[in-house]
Amino acid sequence: MGAVFSKELVSSENKYLHHFTHRHTLKLVSEGWFICNACGLLGIGLRYRCNELCDWDIHETCAAGPEVLSTHIHPDHQLNLIWTKGNPDEHLVKRGRCGVCDEYVNGRLFYSCPFCSRKGVGFFLHPTCSTLPPPVNHPVDKNHHLAWQSGPQKWCTIFRKRCPIWHYRCEPCSVDVHFECAC
């Protein structure tokens, strides 16, 4: 990995954080839309923000992400947290599409599978996408849990658009739900 990741809560109420992605102390706030300066994705609501006029925001989930991640989303291998800022060869760092949302990983903070990268395939994951639960309860199917699964693209029962390859499904009821609709 090469980088030293340091996260330190500055207050006992988790309202202030010193995070390795930024030089100033960050404050937990909840206000409107923002672009996360770490992962590059749009966010709304809770985030850590710099009060030093830097216009620096980071998702709460990006700030809390572990250095090494084991997840049901990529069960065969652990994922490493990658932070590319300050790397003189940042433009050479391999990236690809997120294994959940299928959006290209443009930000400087993301997860990567070291084993899949060596095979030339690569597996990448936005930190916010890494927090999706394996099964969910949802009012669209009151009798069963919706299971996290990969498979052919189906139509979302709620959103009425195609789900990405990864989505939630109830097999007995043939209910498919886009991950954004399920959580």
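The values are calculated or read from the model by the stated rules, or taken from the named source; none is laboratory data. Every value quoted in this text rests on a predicted model; they were computed, and no experiment measured them. Virtual Cβ from ideal backbone geometry, glycine too; neighbours counted across all protein chains shown. What goes into the accessible areas is simple: the full protein's heavy atoms, side chains included, and nothing from ligands, DNA or RNA. Shrake-Rupley method; radii C 1.70, N 1.55, O 1.52, S 1.80 Å.
Site pair V93 and K161 shows an inter-label distance of 2.8 nm when each label is modelled 7 Å from Cα along Cα→Cβ. Treating r as the C-beta distance of C54 and E180 and R0 as 30 Å, the FRET efficiency rounds to 0.55. Share of carbon and sulfur in the accessible area of the chain stands at 51%, probe radius 1.4 Å.
Specify which labelled value, from (1) 16.5, 52; (2) 17.7, 53; (3) 17.5, 65, agrees with Rg and Dmax of the Cα atoms in Å derived from the coordinates of the model shown. From the options (1) 16.5, 52; (2) 17.7, 53; (3) 17.5, 65, the structure gives (2).
Computed over the chain, the per-residue total of -39500 (n - 2.57) for DSSP H runs of n ≥ 4 gives a 222 nm mean residue ellipticity of -1500 deg cm²/dmol, rounded to 500.
Sorting the segments 131-140, 18-27 by their mean number of nearby beta carbons within 10 angstrom, highest to lowest, gives 18-27, 131-140. What the chain shows is 56 Å² of accessible area per residue, with the surface traced by a 1.4 Å probe over protein heavy atoms. Spacing of the modelled spin labels on Q78 and V136, each 7 Å from Cα toward Cβ, amounts to 2.8 nm. How many angstrom separate the Cα center of the stretch 50-76 from the Cα center of the stretch 119-183? One Cα centre to the other: 21 Å. A Förster distance of 35 Å, applied to the separation of the beta-carbon atoms of H24 and Y104, puts the FRET efficiency at 0.75. Length gained on full extension, Q153 to L42: 37.6 nm, using 0.36 nm per residue less the C-alpha separation. Peptides 73-80, 142-149 ranked from most to least packed by the mean count of surrounding Cβ atoms within 10 Å: 73-80, 142-149.
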